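Below is one structure, written out as structure tokens; comments come after it.
The values are calculated or read from the model by the stated rules, or taken from the named source; none is laboratory data. These numbers come from a predicted model, not from an experiment. All Cβ positions, glycine included, derive from the backbone under ideal geometry; neighbour counts span all protein chains shown.
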Amino acid sequence: MTAVIFDLDGTLTDTLPLVVVALNAALAPAWGGPKDLDAMRSVFGPSEERLIAQEAPGDPHAVDRFYEAYGREHARLAHPFEGVPEMLGELFRRGVRLGLVTNKGRKSSVMTIEEFGIAKYFSAIVTGDDLPAPKPDPSGILKVLAALSVPVTATAYVGDTRNDMRAAHAAGVRAIGAGWQAGDVPLADEVLRTPEDVLRLPEARGTSS
């Protein structure tokens with residue numbers, strides 16, 4: 001059995017504009033005003049709820065504001081990258097086991113993958129709410145490997161950041177850069193230029209090949 005495990009934001013879905021709006025809805029009062037994406041990057045890592053608790057520990061309504069904005073603006077500000085639903089569908093058809101490992105929280109992750117109709121393809125999902133440490137800690141990838149019952153030597157992890165690649169290497173799987181938005185992905189074993197390129201990975205041949 002072969003497998004491909006994916007990151008979510010920046011890899012399968014273009015959701016960063018949505019995350020910026022929703023985090024500003026939650027945290028602008030604590031921050032003293034809204035922040036742009038570049039200013040937010042320094043706090044990225046934990047799941048949204050953990051990040052909000054860290055940045056606004058005295059605000060009991062901050063998490064509610066985040067999810068209200070996330071749901072309200074989802075259709076306007078988020079979308080799957082072109083070719084992603086088709087690529088996942090083809091991998092699934094081939095019998096490739098699919099997993100998802102994201103630092104994103106479970107509630108927002110499920111909201112996004114269900115909205116885009118891709119939740120049905122994943123046999124195992126691990127989010128930032130499920131683990132004590134975010135990527136580059138490899139625990140999420142290792143947990144999905146165990147759930148899928150697949151060997152590390154027959155598995156690739158596809159992500160768009162340096163920490164994704166660090167997590168993949170630490171877990172012992174092939175580190176594949178999602179270059180369709182990120183361009184270069186430092187530390188990747190290979191950088192792909194389109195989602196369709198995932199179908200040409202040796203790990204994506206499936207059980208029928």
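For Asp160, indicate whether it is of a type in the set (D, E, K, R), touching an Asp or Glu at 6+ places or on another chain (Cβ under 6 Å), more than 16 Å from Ala3 (Cα to Cα) and in contact (Cβ under 8 Å) with a residue 12 or more places away in the chain.
Values: of a type in the set (D, E, K, R): yes; touching an Asp or Glu at 6+ places or on another chain (Cβ under 6 Å): no; more than 16 Å from Ala3 (Cα to Cα): yes; in contact (Cβ under 8 Å) with a residue 12 or more places away in the chain: yes.
No: the conditions fail for Asp160.
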Out of Leu23, Leu37, Leu8, Leu27, sole residue that is in the same structural domain as Arg94 (by TED's automatic domain parsing) and under 16 Å from Tyr70 (Cα atoms): Leu8
Long-range neighbours under 6 Å by Cβ, at least six apart or interchain, first residue under 17 Å from Asp9 (Cα atoms) within region 120-131, second of a type in the set (D, E, K, R) and surrounded by fewer than 20 Cβ atoms within 10 Å (Cβ to Cβ): Val126/Lys143; Thr127/Arg106; Asp129/Arg106
Inter-residue pairs, beta-carbon under 6 Å, first within 24 Å of Leu199 (Cα to Cα) and in region 82-111, second polar (S, T, N, Q) and in a helix (DSSP H, G or I), 6+ apart: Thr102/Ser109
Helices (runs of 4 or more DSSP H) wholly inside region 137-209 that include at least 3 residues being of a type outside the set (A, V, I, L, M, F, W, C) and farther than 24 Å from Ser47 by Cβ: none
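Conditions tested, residue by residue: (1) within 27 Å of Gly179 (Cβ to Cβ); (2) part of a helix (DSSP H, G or I).
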{"site": "Ile52", "(1), (2)": "no, yes"}
{"site": "Pro57", "(1), (2)": "no, no"}
{"site": "Asp64", "(1), (2)": "no, yes"}
{"site": "Arg72", "(1), (2)": "no, yes"}
{"site": "Gly89", "(1), (2)": "yes, yes"}
{"site": "Gly99", "(1), (2)": "yes, no"}
{"site": "Lys107", "(1), (2)": "no, yes"}
{"site": "Pro132", "(1), (2)": "no, no"}
Residue match in region 35-53 (condition: crowded, with 20+ Cβ neighbours inside 10 Å and of a type in the set (Val, Ile, Thr)): yes
Scope region 168-179; condition crowded, with 22+ Cβ neighbours inside 10 Å and either of a type in the set (S, T, N, Q) or touching a helix residue (DSSP H, G or I) at 6+ places or on another chain (Cβ under 6 Å) (or both); matching residues: Ala171, Val173, Ala175
